[in-house]
Amino acid sequence: MKKIALVILGLGLLIFLLPEQRINLLSPLLPSTSWRTKPKPLLKYSFENLRSRQYPGSEIKLEKIIKKEASYTSWLFSYQSDGQRITGMANIPVKSYKLPVILMLRGYADDEIYFTGLGTRKAAGVFAENGFITLAPDFLGFGGSDSSSKDILEARFYRPVEVLNLLASIKASSPSTALRTDSNRIGIWAHSNGGQIAISVLEILPASRRIPTVLWAPVSRGFPESILDYLGELDDQGLKVKDAISDFSQNYDVKDYSITNFFNDITAPIQVHQGLADLLIKEEWTAGFVSGLGTAGKNVTYFKYPRNDHNLKQSWDLVVARDVEFFKKNL
């Protein structure tokens, strides 16, 4: 009995002296479970949890004129996403009463050279000329927006939330005399990584929210492949990002954060454009995405453009004309 008491006392002293090891030690007097559970702050960004949360929306404020064109005016606008200010560019046609809205979601941008409207303003101008209000958010950390999370994965997972809050804000702002939108007619245009965000939004929204969407060379790979595919382009070969993903994979189920597991939940019609000379998005990735949607019985149209790059600049006029036709038909 004396030896048993000494063993128990020794274990107690070891746990007391090495508190950081408590999670790996089991008490001989307690059930064999961990003494504490590791926090999972990113669990709230799983697709299922994003579906169950509320998006209250806020007023969309038109802050100042950026540029005046003959048929529309470009404004700097702002709205709130969970108390954080996000800015962006709004194009409002001269005849702006109860017009349909197109959200413009850009792809990756270097924050050192970024300006409001980068990656969206040219196409947004054409849509505005054709009677659509356009809203292109800068996203947190860009333009005049508040800073984004210092956690690189949280900053990524939060992007769809920014768009979902903007969608809610369109409805909240529609009675405003400054921004008379038709909140029942909303579409999405997205390029590159913006496509990943758009697909996520379509999967998170309830089935009743049917938002016609156009995707230019979308990042359609699942998570974390959609990040790992590009690590070689980073100065440090992506070691920091790779470590973050490795740690995340040990504590979360990555399938809960990957668009490839929720294709069946998309209800909106989708139009996809892919350049066959794109050096950033492989055609086989986009073809696989389109095929997956088709197999699931989704309404998807796919256009391929020989000798076109990632920005489809060699056939740009044709691509945008097809988009205008798509939005006029579906909105």
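Collect the residues in the stretch 281-313 that are β-branched (V, I, T), more than 23 Å from K328 (Cα to Cα) and without any contact (Cβ under 8 Å) to a residue 60 or more places away in the chain, keeping them in residue-number order. Correct list: T295 only.
One line per residue, one yes/no per condition, for (1) touching a Lys or Arg at 6+ places or on another chain (Cβ under 9 Å); (2) at pLDDT below 95; (3) at positive phi:
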| residue | (1), (2), (3) |
| --- | --- |
| A5 | no, yes, no |
| L11 | no, yes, no |
| F16 | no, yes, no |
| R22 | yes, yes, no |
| K38 | no, yes, no |
| L43 | no, no, no |
| N49 | no, no, no |
| N91 | yes, no, no |
| Y97 | yes, yes, no |
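E162 falls short on exactly one of the conditions (1) of a type in the set (D, E); (2) over 20 Å from A321 (Cα atoms); (3) surrounded by fewer than 21 Cβ atoms within 10 Å (Cβ to Cβ), and that condition is (3). Annotation note: of D278, D229, the sole residue that is within 27 Å of D151 (Cα to Cα), assigned by TED's automatic domain parsing to the domain that holds A109 and either surrounded by 14 or more Cβ atoms within 10 Å (Cβ to Cβ) or free of Cβ contacts under 8 Å to residues at least 12 places away in the same chain (or both) is D229.
This table checks each residue for (1) among the aromatic types (F, W, Y); (2) without any contact (Cβ under 8 Å) to a residue 24 or more places away in the chain; (3) outside any strand (DSSP E or B); (4) within 21 Å of K150 (Cβ to Cβ).
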residue	(1), (2), (3), (4)
Q54	no, yes, yes, no
G57	no, no, yes, no
L62	no, no, no, no
Q80	no, no, no, yes
S96	no, no, yes, no
L103	no, no, no, no
Y108	yes, no, yes, yes
I113	no, yes, yes, no
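State yes or no: is K40 over 19 Å from the mean Cα position of the chain (by Cα) and either more than 22 Å from T181 (Cβ to Cβ) or in the same structural domain as F248 (by TED's automatic domain parsing) (or both)? When the stated conditions are applied, K40 passes them.
The values are calculated or read from the model by the stated rules, or taken from the named source; none is laboratory data. It should be emphasised that the depicted structure is a prediction, and the values quoted were computed from it without experimental measurement. All Cβ positions, even for glycine, are placed from backbone atoms using ideal geometry, and neighbour counts span all protein chains on display.
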